[in-house]
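The values are calculated or read from the model by the stated rules, or taken from the named source; none is laboratory data. The model shown is predicted, which means the values in this text are computed figures rather than measured ones. All Cβ positions, glycine included, derive from the backbone under ideal geometry; neighbour counts span all protein chains shown. Heavy atoms of the whole protein, side chains included, go into the accessibility calculation; ligands, DNA and RNA do not. Shrake-Rupley method; radii C 1.70, N 1.55, O 1.52, S 1.80 Å.
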Amino acid sequence: MRKTPINRIIIREFKRIKERKTLFLLEIIFPLVLFFFFAEIYKQEVIRELPVAIYDADNSSLSRKAIQFVESSPTLKIAEYCNSIDEIKSLFKKGKIQGAFVLPHNFENEIKSGNNSSIIVYKNSTNIILSNYLLKESSLIIKTISGGILLKKIKSTEVSDERAMAVINPISIETASLYNPTYSYENYLMPGLATFTLQMLIMLAAVIVISSEYTHHTFGSLAKMAEGKAYKILVGKSLPHLLIHFSSIILIVGIIFPLYNIAINGAAITLILLMSCFIAASFMMGLLISALINDQLLATEIAVFINTPAFIFSGFTFPIWGMPFIHKIFAQILPFTHFLNAFLKVYQI
């Protein structure tokens, strides 16, 4: 390699990455550990066997049939049988259950008499995702029970099965779940978490690139090596980091996604190019902070302050259009916000 100023700075920067523990951890070790860690968390893809309790105050053949429907659900698991509402509340407080089904007294008699009755469903709404899972499954179970009761009544009048089904369900619903039809956590959360973490690691490493030169009083020798040219410092110090971060893209797209069966519906090369632009934008933003703030600790604190809410402000979990105006403005500052919109189109569509 020809010993130009830029080449000398590149070699110097690779040595600094190897010698500085903080940079080595942020750019080499943490991506390897965290990306696999996130993928392992959501490896099961969907929630199974949510613990629920049953309080059967009727103890009839119909109530026992309803309990069998709960038992047959792959999403739910009967963890406790209770004898009172207070016992159910106690189990919720102890964290032993996420939901409960209460079948009231005279449940079967009311149904046989032609009156309405109800199955009371308690759900822990502190976790919205779990709560929605439980609501969806309990609604399906109760709808199935109601349909079965009505079908039995209609068939007793010697109406044909086809006609009976038309009476029970005059309007059928056909749904088509696009982009994540299996409701997989792995396909939904893992890519977003991995790219958000990548932005944070890149920016935390980038704020050290220039500010650490001032902290360790080495900027003078760096400027001398660059012959006083700012662009030579920028190019020479950026290229090693961008190359390392590019390897993180290959790790995510080329190893983690295939290993955990995370499907990419778009072209992989397009996704790699998009993510390359993303790492460049994230790195340059961190480098800007590093150049403006000479104090390494303060620069790091600013990077942490900017990145900590980035996942929330990206629109990944809550739409940006639903946020207050000032929050929308802050969201536009972050590279992850703009990247995510394009990423989901390439990755899912």
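A few points about this structure:
- In degrees, nearest ten, helix 185-215 long axis to first principal axis of the chain (Cα): 20 degrees
- Read-out P(r) over Cα pairs in 10 Å bins from 0, in percent, derived from the coordinates shown; its label in [x] 6, 25, 29, 20, 12, 7, 1, 0; [y] 5, 18, 21, 18, 14, 10, 7, 4, 2, 0; [z] 5, 17, 17, 14, 12, 10, 8, 7, 7, 3, 0: [y]
- Each peptide in 133-139, 226-232 receives the mean, over its residues, of other Cβ atoms within 10 Å, and ordering these scores from highest gives 133-139, 226-232.
- Degrees separating the helix 5-19 axis from the principal Cα axis of the chain, which is the longest one: 50 degrees
- For Leu189 and Tyr231, a Förster radius of 56 Å and the Cβ-Cβ distance give a FRET efficiency of 0.90, rounded to the nearest 0.05.
- In this structure, Lys143 and Ile333 have a Cβ-Cβ separation that, at R0 = 45 Å, corresponds to a calculated FRET efficiency of about 0.45.
- Take each peptide in 37-46, 280-289, count the other Cβ atoms within 10 Å of every residue, and average; sorted highest first, the result is 280-289, 37-46.
- Each label was represented as a point 7 Å from its Cα along the Cα-to-Cβ direction; for Lys43 and Phe24 these points are 2.9 nm apart.
- Seen against the Cα atoms of the chain and their longest principal axis, helix 296-307 is set at about 30 degrees.
- Expressed as a whole percent, the accessible area of the chain that falls on carbon and sulfur atoms is 63 (1.4 Å probe).
- In order through region 266-280: 3J(HN,Hα) via Karplus (6.51 cos²θ - 1.76 cosθ + 1.60), integer Hz, x for Gly, Pro: x, 6, 4, 5, 5, 5, 5, 5, 4, 5, 5, 5, 5, 5, 5
- In Å², nearest 10: area of His338 left accessible to a 1.4 Å probe: 100 Å²
- Sites Ile128 and Leu32 - FRET efficiency at Förster radius 41 Å, r taken between beta-carbons, to 0.05: 0.80
- Summarising the strand pairing of region 1-126, around 30 percent of its internal DSSP beta bridges are antiparallel.
- Residues in the chain average 55 Å² of solvent-accessible surface per residue, probe 1.4 Å, ligands and nucleic acids excluded.
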